[in-house]
1. Per-residue HN-Hα couplings for region A:249-256, Karplus 6.51 cos²θ - 1.76 cosθ + 1.60 at θ = phi - 60°, whole Hz, x for Gly and Pro?
2. So which residue, out of B:K134, B:K40, B:K205, gets the largest mean-square fluctuation from a GNM of chain B using Cα contacts under 10 Å as springs?
3. A:K81: which aspartates and glutamates have alpha carbons under 15 Å from its alpha carbon, excluding same-chain residues fewer than 8 sequence positions away?
4. Please compute the modelled spin-label separation between A:N95 and B:K181, points set 7 Å along Cα→Cβ, answer in nm with one decimal.
5. Under a plain spin-label model, where a point goes 7 Å from the Cα along Cα-to-Cβ, how far apart in nm are A:Y266 and A:A172?
6. Just rank B:M84, A:M267, B:M48, A:M131, fewest to most, by other beta-carbon atoms within 10 angstrom.
7. May I ask for the net charge around A:E262, where only other residues with Cβ less than 12 Å from the Cβ of A:E262 are counted and Lys, Arg are +1 while Asp, Glu are -1?
8. On C-alpha positions alone, give me the angle between the axis of helix B:59-76 and the longest principal axis of chain B, in degrees, nearest 10.
Amino acid sequence: MLKVASFKNYVNFANAKTIGRLFSSNNALNKVDGGKFTDFGSKMVPLAEKQKLVGGVFSSVASKYDIMNDVMSLGIHRCWKDHFINKLDAGKRPNSDTPLSFIDVAGGSGDIAFGLLDHAEEKFHDTQSTMDIIDINPDMLKEGEKRALEQNKYYNNPRVRFMIQNGEVLDAIESNSKDIYTVSFGIRNFTDIQAGLNTAHRVLKPGGIFYCLEFSKIENGLVDFGYQQWAKVLPFMGSVIANDYDSYQYLVESIERFPDQETFKYMIEKAGFQSVGYENLTFGTCAIHWGIKV
Amino acid sequence: MLLRLTFLSSKLDRCLHNRAQQRHIFIATALTIGSFLFGKDARLADMMDRGELHDKNVEYELKRQERIDARLKTLQSTRPMKPMYKGHVPLTAIEKMILFTVSGVRSFFHPENGINIVQLGESTALPFVLENLKQTMLSDETGRRILREKPNVTTDQLDMGKLSKLPKNTFGYRFFKWLEKEGVSPDTRAPVTYIDDPVHAYIFKRYRQCHDFYHSLNDLPIIIEGEITVKALEAANLGIPMAALGALLAPLRLKSVQRDRLYDIYLPWAVKTGLSCKPLINVYWEELLEKDIDKLKKELGITAPPDLREIRKERAQKRKQLKLRYENFDQ
């Protein structure tokens, strides 16, 4: 009847955390003790466990993911995603012969993926570009396929593929095969963010664009104060309304742990991208980072 | 007030009698003091303090990590106490009131959603009620044993295969048959989340898990009338507020036939049985699976109610006959 998130079975490695603080020079590169432990929200868990635990979070929220996003961002996430799609402005131009190949990682629910294809179709009359929707969690992919079925578009369509893949490896995707790589509110859940960026670099064609929308450091003190109060109340609200305290607690803590704009920009440059930049949305609540593979 | 003070206070301020002037001075003062706190100089000074202004110094990373850890700590210390058991979400007093209000409203409009009822049940299970129940358990030998051994009712603990092979007059066999007839399994009980004391939480969990035993012992179906009857039995026997709430308010939503049946037959039976029989929380159901059901009922002091499904079937048949008779007449 009630799906209890599986990560309630984790053990708190308190000592690993203190060691971790000494060795990790960069908040993003949280591997310690030779890559044995990593952060999961604010707990330190064995590397191999984190994927399973994150999977557990998303299994329990998959069916209510959109509602959860609406609650967490008070509906503003739709504006952010619209701006994300419009700013990228991707699509096969009318004077071109070659369709684009998109890949949307950690986008199981499909909102960005379908939004990108819809934008290409409306603005450039592009009905040929292909889309690979990747997610490590099959429940989220199921939600995406269900949505495709309900809107009767992109379901059983050769243009759109739904695949269960690990974003850090993407072993079923060839190198140098994608024009646009998008990841929206998913990269903070990667066990190893740098590996995810390196894989993005591998998978993109030369000239391909890496485009990422993720929560980031709030620049304005007042908005930051407001957000902190909201973040303190959110898990309780999730518990009362959605009967899920732990998932919201994890999400709020994972947002806190994600590196800030400049650090993430440095990580993208380290992966080999050029012309890396970012744009703050809503005073830095989230940021769009981009980079081009040369 | 400010006007009068500035006007009357000093002889030198004789010129400040213009209200607009005073407002201007007030605003200017507020802005100046505000700029000391939030202005550009203050912001730059904070950034310098954090090491963000010039080339990032050696301490920058450590300080940043400290800040992030401080923020994480505030995020984690929102609960008034540490969790007492797995799945425990401690709530402050205000949060408990919010939970009660929200779940109460939601249960009123959507009683069919199990989560609402579960949350309302936990928010109304006040400490003195559960303490009372604990004392009932402690004053009985079997109750003490239950509290010590903390049995958990799940399908692996109650082997369904074994139950089906028991003799037909045993409680275990009847329980198995009832589960089959109603199409439910004993695993569907929600975990306890909001009750703070771990012993109280276990007692509440035990109460929830024994619900099906009460159903099968009295052969009451899982339709709403059967549920109301069992809730009334629990309310009378154990004193759980949610059970009483449910038994009082739920019949108001029923059809009048069902309501009359409840008020005439089942609720009186439930209240009478509940008040007169042994406290059911002290019954170690798992050990009594092989006991003869009639003997068990006698020991507990329970007499069976009329079979609800039978009564409903008979009434449905009569109505059908009536319908057929008059349909034929019309043709």
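A short reminder: the numbers here are calculations on the coordinates, not readings from a lab. Bear in mind that the values here come from a model prediction, so they are computed numbers and not experimental data. Neighbour counts are summed over all protein chains in view; Cβ atoms, including those assigned to glycine, are modelled from backbone coordinates with ideal geometry.
1. Working through the residues one at a time gives 5, 4, 4, 5, 6, 5, 4, 5 Hz.
2. Most flexible of the set in this elastic network: B:K40.
3. A:D66, A:D70, A:D89, A:D104, A:D111, A:D118, A:E214, A:E279
4. It is 8.0 nm.
5. With each label placed 7 Å out from Cα toward Cβ, I get 3.7 nm.
6. Values: B:M84 14, A:M267 22, B:M48 11, A:M131 25.
Placing the least packed residue first, the sequence is B:M48, B:M84, A:M267, A:M131.
7. Numbers: positive: A:K217, A:K265, B:K56, B:R64; negative: A:E219, A:D260, A:E269, B:E52.
In short, 0.
8. In chain B, helix B:59-76 runs at an angle near 40 degrees to the longest axis.
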